[in-house]
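This report concerns only the one structure given below.
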Amino acid sequence: MLVLAYDGSLNGDWVAQYAVRFAASTSTRELRLVHIAEGAPELSLDERIARIANESKALGVVLETELAPCRGASVAERLLEIVPARATLIAGTRARPRRRKVLSGTVSARLLDAGRFSVIAMRVVNPGVLGQPGRVLLPIAGGPRQAALALPLLRLLGEDLQRLHVLLVREVSGLRFPFMSQAGVEELLAEGRAWVAPVEDHLRAGLAPHRFGLDSSVVVSDDWPKEVLLCAAKHRSRLIALSADERTLSERLGFGNQTEQLLLDAHSDVAVYRSVE
């Protein structure tokens, strides 16, 4: 089941474009829109939901709508109560950074950390993409398990996935990096290529029979966000698919705020995902 956590905002409309297209790629072609009402609903809410319903109908998606009161709980707490354990929830990040934070402290961050169900937190910076990125960048941190975690999101892209680039950044400390020998760099690159090859195989098998372009690169760097953003620009990726599974989101946010830096500086849309098996 796909569930859209819809807040009734313009940013929520942009996230909904992805959610509707995700639903269109599933066998059931169903999408459940949940709006947690924290007070009296805005006058434009019905009109906004009607537009999402029209977009869903145009793609053959059945939209179910639920307006649920907070009942004294937070939005995240109510969603944890309402959303089934085997569902995938699509939600948004902040449209405007608060104290240079795009994800930290949001409903999406709490749901990602909870690990109750699969979550896709969308940061939409190019609404003109209309949920159809085409070219996707997948940064990974290891071997085939990374591919397995990414597959649920990549399958939801369906025909909107036309080219996938896999990036492995062999990250070293800023103190060590300037003094690395060429032999040391080559050793890290060779290890990385050995990790990436089975990832490519796993992705091709997991996304079959869908046909799409697939390639990969391995770099050694002391700046993970910079390398991801440079790679996205080089390959003209319109969506970065970023896993929150290898470390808890709070750990990654605390590690030099790398995720926040990437989200803040990205010129393409970003999907932060956690797949619950």
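The values are calculated or read from the model by the stated rules, or taken from the named source; none is laboratory data. Fair warning: this is a prediction, and the values are worked out from it, not measured in the lab. As a convention, Cβ positions derive from the backbone with ideal geometry for all residues, glycine included, and neighbour counts pool all protein chains shown.
It is to be established whether one or more residues within the range 194-203 are of a type outside the set (K, R), modelled with pLDDT under 90, more than 23 Å from the chain's Cα centre (by Cα) and part of a helix (DSSP H, G or I).
No, that holds for no residue.
Being touching a helix residue (DSSP H, G or I) at 6+ places or on another chain (Cβ under 8 Å), farther than 29 Å from L4 by Cα and either of a type in the set (K, R) or without any contact (Cβ under 8 Å) to a residue 12 or more places away in the chain (or both) narrows it down to one of R170, R176, R155, so name that one. Don't jump to the end; show me each part of the working.
Working: R176 fails: touching a helix residue (DSSP H, G or I) at 6+ places or on another chain (Cβ under 8 Å); R155 fails: farther than 29 Å from L4 by Cα.
Every option except R170 fails the conditions.
Looking only at the range 230-277, count how many residues are modelled with pLDDT under 90, surrounded by fewer than 17 Cβ atoms within 10 Å (Cβ to Cβ) and among the aliphatic types (A, V, I, L, M).
Final tally of qualifying residues: 1.
Kindly indicate whether any position in the range 62-79 is crowded, with 17+ Cβ neighbours inside 10 Å, under 24 Å from L207 (Cα atoms) and aliphatic (A, V, I, L, M).
no
For the condition buried (at least 21 other Cβ atoms within 10 Å of the Cβ) and farther than 20 Å from L154 by Cα, what is the one hit in I120, I90, I82, I52?
I52
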